[in-house]
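Notes to accompany the following structure.
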Amino acid sequence: MPDRSPDRPSDNRPPDIHLHDLANPEFTEEQLQMIEGTSAMATDINISLDALMAAAREQTGLDNFGEDEYAEPLTALCKSIEESGWLSPMGRLGSWSQLTSFLVNRLRLENLYKQNPEINDVEVKAPIIIAGMPRSGTTHLHNLIASDENLRSLPWWEALEPVAPEGEETIDGRVERAQQGIDQRNYFLPHFDRMHEMTWDHVHEEIHLLGMSGSTMLFDTMGVFPSWREYYKRTDQTPHYQYLKRILQALQYLRGGERWILKSPQHLEQFRPLTTVFPDATFAVTHRDPVSITASFCTMVSYSSRMSAKLPIDLHRLGNWWAQLIEDMLTACTRDRHLLPEDRSIDIVFHEFMADDVTTVAKIYEIAGQPFTDEVKQGMHTYMEEHPRGRHGRVAYDLSDFHIDPAERREALLEYVENFGIRLES
């Protein structure tokens, strides 16, 4: 028998639902009043690099942003946000706040380095890097490996604020602010945990850290910004991964850890920068039927967009936008997979991983040279017992919500499917 931890639901799992209000969200009166209040606050927002930098300086009392690799991409992003007209007033306020926080975090980081130059000597050794699309098993795989206390992972509160504000000696303030953000999200998006559960301490990917360098896939989730995407695709991301490494050095210095487990969908397009910056890394590349990925991810993004997009949400445009982004990333993965070191990389097909997840992790540990002890194995089983998959219920996904033809998507990504031996799900 395989060492199997099945994709089992909680016995008390709520029934599955279909979200019928993706285009025209149904808000309560109280929520509408809050949205209206936010709209008034957004009237005078200036989304420009100069304004964001000024706000970050004012919030921190600091003025050293370090090297300027962030400036060009953030300028391109701000221009694209204004050109697109995609964001609602609430979305503009949220984007301004998010981008300002990245620059605030950058100021704090550079100040930390100034006070502690020995951070430059911290080594980021042989990280284990997961590259795969959302809904392809990456979160489950990430959580399993992160349950191993011998590895260093990134909790949500630390992703939001890697370096504490001046005067905060414990993590309590950052934890509280992270929880407040989750509470606000749950207020407007009560079904989000069905698609991607979040807690203040859950392990997170490094897209927020990359945001501090001004270039991250996170920006794609904020709205439909065509000129930003064009800029990102034609720009070498190596300097931004180098800055990510700089952040990881600081986090090791502050809270310890010797070997990172990292994860992001954007890595599928960035195998060359990754192998340049982390030449001793081990890579786990996850794969799943792209039609299933597209259906579920488009649903999650459109549901989240009710907090940021002008209404009604153009589901056809949003769905096809993400269908193309997913195609771009999977095509890049197919094209560049050979760049990963043969002896330190592994492809993980979704149906095989779900059938035998802990054994799959053991294979990753083997090529990574990471001890897979009975204690580590038991920790993974304990994690799954405490976090049963599907315990919040699930959302039914349907590509017809976005006027996307599954057959067309399957044909567009046939080379990817055949190259990695992916089982079709419908």
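Of the helices (runs of 4 or more DSSP H) entirely within segment 87-187, those holding at least 3 residues that are out of contact with any strand residue (DSSP E or B) (no Cβ under 9 Å at 6 or more places or on another chain) occupy 89-115, 156-160. Among the residues of segment 111-121, is there at least one that is of a type in the set (A, V, I, L, M, F, W, C) and over 21 Å from the mean Cα position of the chain (by Cα)? For segment 111-121, residues of a type in the set (A, V, I, L, M, F, W, C) and over 21 Å from the mean Cα position of the chain (by Cα): present. Quick check: anything in segment 146-164 buried (at least 21 other Cβ atoms within 10 Å of the Cβ) and free of Cβ contacts under 8 Å to residues at least 40 places away in the same chain? Within segment 146-164 (the criterion being buried (at least 21 other Cβ atoms within 10 Å of the Cβ) and free of Cβ contacts under 8 Å to residues at least 40 places away in the same chain), the answer is no, since none of the residues qualifies. Evaluate the following for Lys263: is it out of contact with any strand residue (DSSP E or B) (no Cβ under 7 Å at 6 or more places or on another chain), at pLDDT 95 or above and outside any loop (DSSP other than H, G, I, E, B)? Considered against the rule, which asks whether it is out of contact with any strand residue (DSSP E or B) (no Cβ under 7 Å at 6 or more places or on another chain), at pLDDT 95 or above and outside any loop (DSSP other than H, G, I, E, B), Lys263 comes out as no.
The combined condition, being part of a helix (DSSP H, G or I), at pLDDT 95 or above, surrounded by 18 or more Cβ atoms within 10 Å (Cβ to Cβ) and more than 18 Å from the chain's Cα centre (by Cα), is fulfilled by Arg246. Restricting segment 371-387 to residues that are in a helix (DSSP H, G or I) and of a type in the set (Ser, Thr, Tyr) leaves a set whose member that is surrounded by the most Cβ atoms within 10 Å (Cβ to Cβ) is Tyr383. Taking segment 388-426 as the range and being assigned to a loop (DSSP other than H, G, I, E, B), closer than 26 Å to Ser302 by Cβ and not hydrophobic (A, V, I, L, M, F, W, C) as the test, the residues that pass are Arg389, Gly390, Arg391, His392, Gly393, Arg394, Tyr397, Asp398, His403, Asp405, Glu425, Ser426.
The combined condition, being buried (at least 22 other Cβ atoms within 10 Å of the Cβ), within 18 Å of the chain's Cα centre (by Cα) and modelled with pLDDT of 95 or more, is not fulfilled by Ser304.
Tell me, please, whether a residue that is over 30 Å from Ala362 (Cβ atoms), surrounded by 23 or more Cβ atoms within 10 Å (Cβ to Cβ) and among the small types (Gly, Ala, Ser) can be found in segment 262-273. So far as segment 262-273 goes, no, none of its residues is over 30 Å from Ala362 (Cβ atoms), surrounded by 23 or more Cβ atoms within 10 Å (Cβ to Cβ) and among the small types (Gly, Ala, Ser).
Contact map, segment 396-423: first residue within 24 Å of Leu22 (Cβ to Cβ), second residue surrounded by 14 or more Cβ atoms within 10 Å (Cβ to Cβ) and of a type in the set (D, E, K, R), Cβ cut-off under 7 Å, separation 6 or more or different chains; pairs are Ala412/Glu327; Leu413/Glu327.
Residues are listed down the side, and each one gets a yes or a no for (1) loosely packed, with under 14 Cβ neighbours inside 10 Å; (2) at pLDDT below 95; (3) in a loop (DSSP other than H, G, I, E, B); (4) not hydrophobic (A, V, I, L, M, F, W, C):
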position: Ser10; (1), (2), (3), (4): yes, yes, yes, yes
position: Pro25; (1), (2), (3), (4): no, no, yes, yes
position: Ile35; (1), (2), (3), (4): no, yes, no, no
position: Ala40; (1), (2), (3), (4): yes, yes, no, no
position: Thr43; (1), (2), (3), (4): yes, yes, yes, yes
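The values are calculated or read from the model by the stated rules, or taken from the named source; none is laboratory data. All figures in this text were calculated on a predicted structure; none of them were measured in a lab. Heads up, the Cβs are rebuilt from the backbone with ideal geometry, glycines too, and the neighbour counts pull from every protein chain shown.
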